[in-house]
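The values are calculated or read from the model by the stated rules, or taken from the named source; none is laboratory data. These numbers come from a predicted model, not from an experiment. Glycine gets a Cβ as well: all are built from the backbone with ideal geometry, and neighbour counts include every protein chain shown.
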Amino acid sequence: MQILTIEELPAELTGPWGALVWTDQDYPLDQALFRKARALGVPFADYCGLVAVEGKRVLAQVTVEYYPMTIGDGRETFVGVAGVVTRPDALRRGLCFRLLEEVHLRESIRGHRLAMLWTHRTWGAHRLYARLGYRDLYSPPTAVLPPRTSTPTRLPDGFGVRAARRGDAALLESIFARGTRGRYGFVTRFPNSFGARIAMGWRASKDHHLLFRGSRAVGYFFASENPRFLGIYEGMVTERNLLPPLLDSIQWYARGRWLALAHTTLVNDAREHLRARGFSLTPDCHSVLMARSISGTSSRRLASLRQMVRDSRFSCHRGDMF
């Protein structure tokens, strides 16, 4: 069994690699996708990630990204671990364990001190990560409103909402930057974060809805919807006093459907407004951000992280889940 970087993977193994990723119900990958993403600004490592190969079979993989984070007293670029998957017929061989240990070694040599990943508390992988030294750091809050007749039937006076267009990526980025100024966590995002995700097809521009006061864009929300349900996974305003109009616009857009705000600290920012509107709030969910030190000098940084995620200024949304 060999451990190769994604850039080293031979062309004839592209099909088996895609089949591996498909077993996790994700779309198949190839090196061209990673090169395009990097060219657009997505912060993948230069080697993209690691794969475990045995003969003509690709057995397991992990991808590696670099993200800046504002942590109280400064900024830290951490290693974002994603795309961890093993072929079902190669489970219980410790392959992902070996790949992750290799990532930690490579990245500690490069001078990085912290690694993070997202998983679910209920998944078996959570136990694997705990054995590797990862510890639960943060779980996003949730707010849910059942269908009800009190849903606003019109937007507040002077406000309007429209779906974003492909050319609005820079506008969305500007709103996010203004709305998170002075906050901790996943701020600022990597340059062109909205444009890159839209261009890669990871997000549709039309799923972002811009809030206008007059002709000025002052907020947005990112939605997933069907005829019975509206999920809001990111919400941002340029000024805190605009939270009620943003919530009005979200409830107006829901039009009586089940409405959930999830994977977004908008729930914490607007907690009292949501309670007054009849939302049921829970402080966390099954998704969890885990972190670990990958050098002997970062225990103090981990302590800062634990303090940061409890601060009301902490910012985290679906767009920060890697």
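Going through Ala254, Ala270 one at a time, which residue ends up being more than 21 Å from Thr180 (Cα to Cα), surrounded by 21 or more Cβ atoms within 10 Å (Cβ to Cβ) and of a type outside the set (Asp, Glu)? Before you say what the answer is, go through the steps one by one.
Values: Ala270 fails: more than 21 Å from Thr180 (Cα to Cα).
Just one listed residue meets the conditions, Ala254.
Filtering region 133-150 for residues that are over 30 Å from Arg271 (Cβ atoms) and either assigned by TED's automatic domain parsing to the domain that holds Leu305 or modelled with pLDDT of 95 or more (or both) leaves a non-empty set. Selection of region 142-201 for residues being among the charged types (D, E, K, R), farther than 29 Å from Val309 by Cβ and touching a residue at least 40 places away in the same chain (Cβ under 8 Å) yields Arg148, Arg154, Arg162, Arg165, Asp168.
Against the condition crowded, with 16+ Cβ neighbours inside 10 Å, among the aliphatic types (A, V, I, L, M), touching a helix residue (DSSP H, G or I) at 6+ places or on another chain (Cβ under 9 Å) and not assigned by TED's automatic domain parsing to the domain that holds Gly256, how does Leu114 come out, does it pass? Working first, answer last.
Working: crowded, with 16+ Cβ neighbours inside 10 Å: yes; among the aliphatic types (A, V, I, L, M): yes; touching a helix residue (DSSP H, G or I) at 6+ places or on another chain (Cβ under 9 Å): yes; not assigned by TED's automatic domain parsing to the domain that holds Gly256: yes.
Spelling it out, Leu114 is indeed crowded, with 16+ Cβ neighbours inside 10 Å, among the aliphatic types (A, V, I, L, M), touching a helix residue (DSSP H, G or I) at 6+ places or on another chain (Cβ under 9 Å) and not assigned by TED's automatic domain parsing to the domain that holds Gly256.
Select from region 77-103 the residues that are crowded, with 17+ Cβ neighbours inside 10 Å and under 19 Å from Leu305 (Cα atoms) and list them in ascending order. Listed by number, the residues that qualify are Phe78, Val79, Gly80, Val81.
Suppose we keep only residues that are aliphatic (A, V, I, L, M) and either assigned to a loop (DSSP other than H, G, I, E, B) or over 26 Å from Phe194 (Cβ atoms) (or both) within region 291-321. Which one would you say is modelled with the highest pLDDT? Walk me through it before giving the result.
To start, the set of residues in region 291-321 that are aliphatic (A, V, I, L, M) comprises 291, 294, 302-303, 305, 308-309, 321.
Still in the list and also either assigned to a loop (DSSP other than H, G, I, E, B) or over 26 Å from Phe194 (Cβ atoms) (or both): 294, 302-303, 321.
Details: Ile294: 91, Leu302: 84, Ala303: 85, Met321: 95.
The extreme case among them is Met321.
The C-beta contact set for region 96-116 (first residue farther than 15 Å from Thr77 by Cβ, second residue in a helix (DSSP H, G or I), distance under 7 angstrom, 6+ apart or interchain) comprises Cys96/Leu128; Phe97/Leu128. Residue pairs whose Cβ atoms lie under 9 Å apart, sitting 6 or more positions apart in sequence or on different chains, and linking a residue in region 76-89 that is within 16 Å of Gly185 (Cβ to Cβ) and in contact (Cβ under 8 Å) with a residue 40 or more places away in the chain to a partner that is in a strand (DSSP E or B) and of a type in the set (D, E, K, R), are Gly80/Glu65. Within region 196-240, which residues are surrounded by 15 or more Cβ atoms within 10 Å (Cβ to Cβ), in a helix (DSSP H, G or I) and over 15 Å from the mean Cα position of the chain (by Cα)? Listed by number, the residues that qualify are Ala199, Ser205, Asp207.
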